[in-house]
Ligand code: NAD
Ligand code: DAU
């Protein structure tokens, strides 16, 4: 299997590369990443000398360069994106550039290079807030923020490349992921690292929003299954059974770290904040997928990982992130 992973130096992409190297002894992997503030090549230090793996620093928006790089490869899984909703509210341009135009560039290159599979990693956010029930893959898209809108646009472009040109595309829409190596601007690592530093946990609004937290390795298993068995032109949901309120997640973190609830601070709500996401994932279950990790044990292991890996997150928090954090929370 010869597979290109774009955005492989980020959170989920780096787990996916490690997953492939472990499962497929004869795979060849090319990781292409621009290394934005969110990309961290150290996420892959443990596999960087593996002869089956190589890395090129490049921007997915550079179509000519991407076409040259994709020649002689079979499969592309695209994780590359601007991914943080709060940043999309202050700098939407970057999201339109990478998440829409970048995907357009990749689709054109993939078509020219006749790839045999193109997997676009999407998100549950494309549907907007879900008042009740669980959404199927056929639900109309109704994104609430520029990040979600840019991902929705990319999904539609990718599906159009299947319908118009026969590019073998699958779309994977998962719920919120958690696990090691997630950038500390996202809620779970932000709350864990703040708690470890005895700083306040900024809970937006009343903290009642509900998210279906998926352990990142379960997401990787699902993407691999879709790679093997997914039908071209189809969208697949990936999610665990139940959701948790943000407040519950914050309390769990404080309990696991032996910190008081008084560390929580209710702050101004996010603009356009989606109240609840909830996906029906019968379609991928019919292919044989189910999550292998229970929320509680994967969550406890994740908290422990951040506790033991201060050397990974401290440099990130001390870099550009400090300015971002100051602007965000004062
Ligand atoms: P991340 O922010 O940790 O990583 C994104 C990676 O993309 C980084 O390595 C970054 O350097 C790279 N990148 C950004 N712009 C690029 C460009 N123009 N060219 C090349 N590389 C570029 O993101 P993540 O949380 O790992 O998310 C990966 C994908 O999964 C995204 O497409 C996201 O929309 C989707 N997703 C994420 C979650 C989640 O909870 N994290 C849930 C569902 C879907
Ligand atoms: O749902 C999938 C999406 O999950 C992905 O597509 C995105 O790339 C990823 O960033 C994530 O988006 P969210 O906005 O759901 O994740 P975030 O960790 O930013 O926020 C989770 C919830 O926590 C959300 O309801 C907002 C809230 N929150 C977040 C932050 C950063 C807080 O209450 N306080 C915070 O400081």
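Out of curiosity, is residue 169 near ligand 2 (Cβ under 8 Å from one of its atoms) and in contact (Cβ under 8 Å) with a residue 60 or more places away in the chain? For residue 169, the condition - near ligand 2 (Cβ under 8 Å from one of its atoms) and in contact (Cβ under 8 Å) with a residue 60 or more places away in the chain - is not met. Could you please let me know if residue 16 is near ligand 1 (Cβ under 10 Å from one of its atoms), in contact with a strand residue (DSSP E or B) (Cβ under 7 Å, 6 or more places away or on another chain), modelled with pLDDT of 95 or more and not in a loop (DSSP other than H, G, I, E, B)? Yes: the conditions hold for residue 16. Does residue 203 satisfy the condition of being farther than 30 Å from residue 314 by Cα, buried (at least 17 other Cβ atoms within 10 Å of the Cβ) and in contact with a helix residue (DSSP H, G or I) (Cβ under 8 Å, 6 or more places away or on another chain)? When the stated conditions are applied, residue 203 does not pass them.
Answer with yes or no whether residue 46 is away from ligand 2 (no atom under 16 Å from the Cβ), surrounded by fewer than 20 Cβ atoms within 10 Å (Cβ to Cβ) and part of a helix (DSSP H, G or I). Against the criterion (away from ligand 2 (no atom under 16 Å from the Cβ), surrounded by fewer than 20 Cβ atoms within 10 Å (Cβ to Cβ) and part of a helix (DSSP H, G or I)), residue 46 qualifies.
Being crowded, with 23+ Cβ neighbours inside 10 Å and within 14 Å of ligand 2 (Cβ to nearest atom) narrows it down to one residue among 154, 149, 158, 110; which is it? Working first, answer last.
Details: 149 fails: crowded, with 23+ Cβ neighbours inside 10 Å; 158 fails: within 14 Å of ligand 2 (Cβ to nearest atom); 110 fails: within 14 Å of ligand 2 (Cβ to nearest atom).
Going through 154, 149, 158, 110 in turn, just one is crowded, with 23+ Cβ neighbours inside 10 Å and within 14 Å of ligand 2 (Cβ to nearest atom): 154.
Condition (residue is farther than 21 Å from residue 276 by Cα, within 16 Å of ligand 1 (Cβ to nearest atom), at pLDDT 95 or above and within 15 Å of the chain's Cα centre (by Cα)) applied to region 107-126: is it met by at least one residue? Looking through region 107-126, at least one residue is farther than 21 Å from residue 276 by Cα, within 16 Å of ligand 1 (Cβ to nearest atom), at pLDDT 95 or above and within 15 Å of the chain's Cα centre (by Cα). Screening 141, 135 for residues that are touching a strand residue (DSSP E or B) at 6+ places or on another chain (Cβ under 8 Å) and modelled with pLDDT of 95 or more leaves exactly one candidate, 135. Does residue 3 fit the bill of being more than 16 Å from ligand 2 (Cβ to nearest atom), farther than 22 Å from residue 184 by Cα, crowded, with 19+ Cβ neighbours inside 10 Å and modelled with pLDDT of 95 or more? Against the criterion (more than 16 Å from ligand 2 (Cβ to nearest atom), farther than 22 Å from residue 184 by Cα, crowded, with 19+ Cβ neighbours inside 10 Å and modelled with pLDDT of 95 or more), residue 3 qualifies.
In region 76-99, the residue that is nearest to the chain's Cα centre (by Cα) out of those that are farther than 19 Å from residue 40 by Cβ, more than 9 Å from ligand 1 (Cβ to nearest atom) and buried (at least 19 other Cβ atoms within 10 Å of the Cβ) is 85. Of all residues in region 16-47, how many are closer than 15 Å to residue 119 by Cβ and touching a residue at least 60 places away in the same chain (Cβ under 8 Å)? Here the count works out to 3. In region 56-72 there is at least one residue matching the filter, namely being assigned to a helix (DSSP H, G or I) and loosely packed, with under 15 Cβ neighbours inside 10 Å. Filtered by the rule that a residue be part of a helix (DSSP H, G or I) and either in contact with a strand residue (DSSP E or B) (Cβ under 7 Å, 6 or more places away or on another chain) or within 16 Å of ligand 1 (Cβ to nearest atom) (or both), region 255-284 gives 263, 283, 284.
The values are calculated or read from the model by the stated rules, or taken from the named source; none is laboratory data. Note that this is a predicted model, so its numbers are computed, not measured. Cβ: placed from backbone, ideal geometry, glycine included. Neighbour counts: every protein chain shown.
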